[in-house]
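Presented below is the structure to which this report refers.
The values are calculated or read from the model by the stated rules, or taken from the named source; none is laboratory data. Note that the structure is a prediction, hence the values are computed from the model and not measured. Cβ sites come from the backbone with ideal geometry, for glycine too, and all protein chains shown count toward neighbours. Heavy atoms of the whole protein, side chains included, go into the accessibility calculation; ligands, DNA and RNA do not. Shrake-Rupley method; radii C 1.70, N 1.55, O 1.52, S 1.80 Å.
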Amino acid sequence: MITEHFAIQNHGSVILLEPLTEQSKHFVDNYLADDLQWWCDSFVCSPGYFDTLVNGFMRYINEPEEFYDD
């Protein structure tokens, strides 16, 4: 479940996601845009992109071989 890996705060026009685990931190550092807007320890996500972000992260967790080149 996504809430094991991110603290999520929905503020209506923006959603704040704080990476909590090494997996979530690695995903954010390596697979999201370099110019994320950060608010304290959370990055800002538009509600329109939230589902896509969650689906991508869950694929990353469940099918890591698609993401790692090692």
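Brief remarks follow.
- Residue in the stretch 12-46 that is farthest from Met1 (Cα to Cα), counting only those that are among the hydroxyl-bearing types (Ser, Thr, Tyr) and in a helix (DSSP H, G or I): Tyr31
- Residue under evaluation Glu63, criteria (1) more than 12 Å from the chain's Cα centre (by Cα); (2) touching a residue at least 12 places away in the same chain (Cβ under 8 Å), criterion not met: (2)
- Ala7 surrounded by 12 or more Cβ atoms within 10 Å (Cβ to Cβ) and not hydroxyl-bearing (Ser, Thr, Tyr): yes
- Residues considered: Tyr60, Tyr49. Of these, the only one that is hydroxyl-bearing (Ser, Thr, Tyr), touching a helix residue (DSSP H, G or I) at 6+ places or on another chain (Cβ under 9 Å) and not in a loop (DSSP other than H, G, I, E, B) is Tyr60.
- Remark: pairs (first residue in the stretch 25-50, open to solvent by less than 100 Å² (accessible area, probe 1.4 Å); second residue among the hydroxyl-bearing types (Ser, Thr, Tyr) and assigned to a helix (DSSP H, G or I); Cβ separation under 6 Å; 6+ apart in sequence or on different chains) = Phe27/Tyr60.
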